[in-house]
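Bear in mind these aren't lab numbers, they're just calculated from the coordinates by the rules spelled out. Note that the structure is predicted; figures quoted are calculated from it, not measured. Because the Cβ atoms are built from the backbone with ideal geometry, glycine has one as well, and the counts that use them run over all protein chains shown.
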Amino acid sequence: MWVWFFKLGSPKWFYELSGKWLPWLIGAMVIFMTVGVVWGLVFLPPDYQQGFTSRILIVHVAVAGTSLAFFPLMFVAGTITLVWRMKLADMVAKHAAILGAWFSFITLATGSLWGSVMWGTWWEWTDSRLVSMLFQLFLLLGVISLRSALEDSDAAAKACALLSIVGCINVVIIKYSVEWWNTLHQVSSPVTTDASSPNGPEFWIATLIMIVAVYLFLSVSLILSTRNEILERERKAQWVQDLVLKS
Amino acid sequence: MSSAAPTTSSNFDTDKIMLTARELFCARDDRVLFKNLNFDLPEGQVLQVQGSNGSGKTTLMRILCGLNDSYEGSIKWYGQEIEDQAASFFSSLLYIGHRVGVSKVLTPVENLRWSCSLKQAVSDEQIMAALKEVGLRGFEESPCYTLSAGQQQRVSLARLIISPASLWVLDEPFTTLDTKGVALLENILQRQAHEGGSVMVTTHHSLSIPELTVLSLG
Amino acid sequence: MTEKQTTTSAAFFATLKRDLLIAFKKKNDIVNPFMFFIIVVSLFPIGISPESDRLTEIAAGVIWISVLLASMLSMDNLYRSDFEDGSLEQLLLSPHPLFFLVLAKNISHWLVSGLPVVLVSPLLAYMLALPEEAYGTLVLSLLLGTPIMSLVGSIAVALTVGLGSRGLILAVITLPMSVPVLIFGTLAVQSTLNSQSPLGYLSLMLVMLSVSVSLAPLASAAALRISVN
């Protein structure tokens, strides 16, 4: 009986609950985003060493930090899908993979933009963070393409859940092995391990605000896309039809 | 949607009931295949599952075998949950699906040696005798890609003869068989029922087996 | 009737034997990936440089990447025909733990696709001007690395076995996962070339192999159940 509750009750419950949270989350996101962008990118004095490029770094660090959350999130969602068969977890996982791929891509883009100014090159294999982010992007694209290849949504949910779990373990192994690989090849690395050490405390506060803003952005977009997915998948359910009729 | 078989369980001792299915519900991509499906399968009975194309016969068979788990409801094996006694259930179960499980590269003997040894020890004499009974004498050592579809089906039928499994789940086993083959399979099914085993079978043939009950889907 | 039931080890060996038998009857499936491996390796000197100094530098990487590509090609056969003829369903319905049956299939696959590549690698290493002292390390690293790839790749193959047209999805899923093996395999050879001990890397690969042996068949088994569902 409780399986039924889980399967059918959850999406509705989530839809209603998230509907109440959304305005607050969006409000907080707007505030943090505005403060972060206006203060960090406009008013904060340019770093004495890095100049204006330190502003790219604020965005880059915030997005990169957030990108690391996707595989753990998908690991948890995948476990829930496989063990408790909650449909909601799969809906979240589906959009987490897509958002994660975008975040990884933006991390790589801002990272190489920053690198083009600081290191004089758009791509640097000796930076282990860039390399492992690249492979995280590949793994996420693998999950996305597996889902689009499987027609049956139930099979796709379970298959992607399993692949996300395997992928999460793999990302951790890749991260450490790439770091190791890197320390051995660091003959002429232009990368200092702590790239932003010469920055003042204001810079860190700005970055911190930006990180919170990006996390809020991530939550809001994940919730919005999950809500759409719920309406799409539960379109035959009574409450969705009532909802559509009401609006 | 579906009508349960007219099995009055009072006729049977409850511990003689092999499979009990209650309130089975299965939907595939928003389409309900069956709901509220109830039936009992006692020892010594052949249960024929009938229904039009797309009524979920194959899905039901796969659900009973544990190959498909997207359903609601309960299926019990001698009154207990299948998960609690998986090893005993799977060693008593023999399933032949649309894809009969015969590798085209191997010979009938090699195929049977492997597929039988997944469940129980089997000797070459048993395999030879079974192949002879299903009319494949002389084909024992030819690769299965040289055999016709009906002959490959007969290879899988040989497993029925060898197997001591008490529950057979057969999905459309008659499709490629000729008249002689149909008679042979009916004979084998009847023997299983006489020995106290049970069979779930989907087919559009009308079977001439006294122990037959019919379950209609859709 | 249960007293006649086979032991798990009997079922394990029956499956191993059957898969080897199938492999020997379908020689193309073994020979083609092997030929592919040798041809890809032979293309590198033509595409990059025939000078032995430059070849020495890239030899280990070239051999390792070619092994990855070849093993991916051969993986395709692992569950495919069993899925199509229904043998996979029989495997899933066995009373024995699927872990061991999947492991048997993986071992048999490695014996016919991984091992030949390992055995021929010194010859290719010679053609790529890899110094002799590194042969041993190369063979050992491949001996440890190829089964890891078979085991991990098996998960992706199991997930995609039901797909009608798979195209390159198997490659997209598996290749990124092989990064750690590639790193440690090539580092082991490099360190021998720099006259350092490769033992650290090899033992790391041994650890990875034991973790893969104990976990990957579980994931493959789960993936097969999902695909057959």
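Tabulated values for the structure
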{"item": "Bridge type composition, the protein assembly as shown - antiparallel percent by DSSP, nearest 5", "result": "50 percent"}
{"item": "Chain A: angle of helix A:153-185 to the longest principal axis, Cα-based, in degrees nearest 10", "result": "10 degrees"}
{"item": "Spacing of the two label points (7 Å from each Cα toward its C-beta) at A:E202 and A:L22, in nm", "result": "3.8 nm"}
{"item": "Cα-based helix-to-principal-axis angle, A:201-233 vs chain A, degrees rounded to 10", "result": "20 degrees"}
{"item": "28 Å Cα-Cα threshold exceeded, pairs from A:K158/A:K236; A:K175/C:K27; A:K20/A:K158", "result": "A:K175/C:K27; A:K20/A:K158"}
{"item": "Spin-label pair A:A237/B:D29, simplified geometry with 7 Å Cα→Cβ offset, distance in nm", "result": "2.1 nm"}
{"item": "Residue mean of other protein chain beta carbons inside 10 Å, B:19-29", "result": "1"}
{"item": "Translational diffusion coefficient (Stokes-Einstein; Kirkwood radius from C-alpha pairs) of the protein assembly as shown at 10 °C, 1.306 mPa s, in µm²/s", "result": "56 µm²/s"}
{"item": "Mean residue ellipticity (222 nm) of chain A, computed from DSSP H runs ≥ 4 via -39,500 (n - 2.57), nearest 500", "result": "-26500 deg cm²/dmol"}
{"item": "Cα-derived Rg to Rh of region C:7-228, Kirkwood definition", "result": "0.99"}
{"item": "Kirkwood Rh in Å, taken over all unlike Cα pairs in region C:133-183", "result": "12.2 Å"}
{"item": "Cα centroid separation, region C:4-23 to region C:81-116 (Å)", "result": "9 Å"}
{"item": "Simple spin-label estimate for B:Q85 and C:I39 in nanometres, 7 Å along Cα-Cβ", "result": "5.7 nm"}
{"item": "Shielding by partners, peptide C:175-187 (average Cβ within 10 angstrom, other chains)", "result": "6"}
{"item": "Rh by Kirkwood over Cα pairs, then Stokes-Einstein D for chain A at 1.002 mPa s and 20 °C, µm²/s", "result": "108 µm²/s"}
{"item": "Helix B:124-133 vs. chain B, principal-axis angle (Cα, 0 to 90°, nearest 10)", "result": "80 degrees"}
